[in-house]
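Some notes on the structure that comes next.
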Amino acid sequence: MTGNAKSTSTVSPFGSASRRRNMIVAASLIGVALLVVILFAVPGREKSSPAATNHAHGPASAPSTTGTPLMISAEAAQRIGVTFAPVTLGPLAREIRTVAQVTYDETRVKTISPKIDGWVEQLYVNFNGQPVSVGQPLLTIYSPMLVSAQEELLLATRLSGSLSGASSEARSGSNDLAAAARRRLQYWDISSAEIERIERTGQVRKNLTLRSPVSGVVIEKNVLGGQKIMSGDAVYKVADLSVVWIEGEVFERDLPAVRVGTIVKADFDALPGEERAGRVSYLYPVLNPETRTARIRVAMVNPGMRLKPGMYATIRIEGAAETALSVPRSAVLSTGERNLVFVRRADGMLEPRVVMIGASTEDRTQVISGVKVGETVVASATFLVDAESNLGSSLGGMGDMPGMDIAKPSDRKE
C-alpha cells in the first residue's frame, strides 16, 4: 500500500443483521402484548378463581374472587368518582316492577245488535270513538216487521175503544191484544215514548229509531247508511271507560308476593308525574311456559277518561319487608354471567368478588352470598374499577415475557 491510500475499517455484516433481528423480535413482542391487553381488558372475560376463605354472610356462602386486587389512592378515587358503602343487614322492602298495558274492562263492553231485519235509513252515530249515552239515537231503520207490528198495535187500540160498551170479557181480550202489540215493539228495542206517539197519533211510521241501551265510547262500528242489516248483526260495540284494566306479567319467583286485593301503583308514559293506585283484581291461573310469567289484572278508576286503552304503564307492587343482607344497587356489576362487587380489605386493596344477588329495590340489592356484614364495598364507578382490575391482570401476567418488565397494579404505588 502507498502512503496516499486511505485506511478503511471493515464492518461485520452479521452485527447489522443481528440488530435488525432484535428490533423485529422486540416489535413483535410489543404487538402481541398490546393485543392481549385489548382482549383481556374487556370486563367479564377474566376467569374467576375460588377464594380460600369465607367472607360471606351465612353458613353456606363461599365467596369467590376474580380479576386482580388493586390499590387506588384517595386522589384517584375522587377523580373518577369512587365512593364506598358498608354491607348492612336490615329490613329490605321487596318491590316488584313490570311493564303493563291499559285495556278495556271486558265486563263493561257491550255489543249492540238489532233484533229485527231491515234497511238503515240514517246513521246518528257514524264513527269510532264517538261517545254515546243511554237512550241516544243510533240509527233509523225501515223494517216490514216493524210496520206490521205498528198496524197490529193500532188495530188493537181501535178495537178496545169500540168495545167500551161490550162485556168485560170482550174488553179484557182487546186490551190483552193491545198490550201484546206494545210488548212486541218493546222487545225489539222500540222506546216507550215512540210507542206512545204511535198510539196517540194513530199513524204508522215507515222508519223507527233504535237507541243505545248503554253509555260509553264506540270502539267498533260495523254499519253504513243504506245497508241491509239482519237480526243479531253486531252493528256497534260500546265500551264504558270509567273503569279500565291494566294487565301485566309477573315472574314466577315473584308470585308469592301477589294476591288479589294487593295495592298496586302505576306510572304512565303519557302522564308523567301522575302516579295512580289500584288493586289486583285477578291473577290468571295459567303460567306462560316460555317466559315463566303469570298475567295479573289491575282494576283502576279512570276519571276524565285520561287512561286510554293501549297506553303503556309501569306497575309497582310492594311486598313485605324482609331482613336481608344488602349493598347499594350501584355496587353490583352484572356481566351477564355473574355479579361482582369490590370489597375494600383492611390493607386498602380493592378485591373483586363474585356474589349471588336476590331481590332489588330502587336503591339497594339483596346479597345472598359473597360478602358479610360490616365489609365495605365500592358503591359507585364500579365499572371503572373493574376495568382497572382486569387491565392489571392482563399486564401483570406478561411480566415474564422477554422484553416485558411490567408489574401488577397491586405492586405499584399511587
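Residue by residue, what Karplus-based ³J(HN,Hα) values in Hz, rounded to whole numbers, does region 80-89 have, using 6.51, -1.76 and 1.60 with θ = phi - 60° and x for Gly and Pro?
My calculation for region 80-89 gives 9, x, 7, 10, 10, 8, x, 7, 10, 10 Hz in order.
Take every Cα pair under 8 Å in region 111-239 that's 6+ residues apart, average their separations, divide by the length, and report that relative contact order as a whole percent. Walk me through the numbers on the way to the answer.
Values: 236 pairs, mean separation 60.5, N = 129.
Contact order relative to length: 47 percent.
Please compute the modelled spin-label separation between residue 119 and residue 76, points set 7 Å along Cα→Cβ, answer in nm with one decimal.
Calculated label separation equals 9.1 nm.
So how do 342, 84 line up by other beta-carbon neighbours within 10 Å, fewest first? Intermediate results must be reported in sequence, preceding the final value.
Details: 342 26, 84 16.
Fewest-to-most Cβ neighbours within 10 Å comes out as 84, 342.
Can you sort 208, 159, 185 so the residue with the fewest Cβ neighbours within 10 Å comes first?
Starting with the residue having the fewest Cβ neighbours, the order is 159, 185, 208.
Can you work out ³J(HN,Hα) from phi for every residue in region 199-214, in order, using Karplus 6.51 cos²θ - 1.76 cosθ + 1.60 and θ = phi - 60°, giving whole Hz and x for Gly and Pro?
Values, residue by residue: 5, 6, 7, x, 10, 8, 9, 5, 10, 10, 9, 9, 10, 6, x, 9 Hz.
What list of ³J(HN,Hα) couplings, whole Hz, do you get for region 335-351 from phi and the Karplus terms 6.51, -1.76, 1.60, once you set θ to phi - 60° and write x for glycine and proline?
Once θ is set to phi - 60°, the couplings for region 335-351 become 9, x, 9, 7, 10, 10, 9, 10, 9, 7, 7, 5, 7, x, 6, 9, 9 Hz.
Arrange the peptides 148-157, 195-204 so that the one whose residues have, on average, the most other Cβ atoms within 10 Å appears first. Mind showing how you got there, number by number?
Numbers: 148-157: 18.4, 195-204: 13.1.
Ranked from most to least packed, the peptides come out as 148-157, 195-204.
What order do you get for 309-319, 218-228 when each peptide is scored by the mean count of other beta carbon atoms within 10 Å, highest first? Could the numbers behind the result be given before it?
Details: 309-319: 16.7, 218-228: 14.7.
Top of the packing list down: 309-319, 218-228.
Can you give me the long-range amide H partners of residue 105? Hydrogens built in the peptide plane at 1.01 Å from N, cutoff under 5 Å, separation of 5 or more residues or another chain.
Under 5 Å from the amide H of residue 105 lie the amide H atoms of 245, each far enough along the sequence or on another chain.
Assign unit charges at the C-beta atoms only (+1 for Lys and Arg, -1 for Asp and Glu), then state the dipole size of region 111-239 relative to its Cα centre in Debye, rounded to the nearest 20.
Numbers: 14 positive and 12 negative charges, 29 e Å.
Charge dipole of region 111-239: 140 debye, to the nearest 20.
Since every read-out is calculated from the coordinates, none of them should be taken as a lab result. Predicted model only: the values in this text are computed from it and were never measured. When we count neighbours, we look across all protein chains shown, and the Cβ atoms used for this are built from the backbone with ideal geometry, even at glycine.
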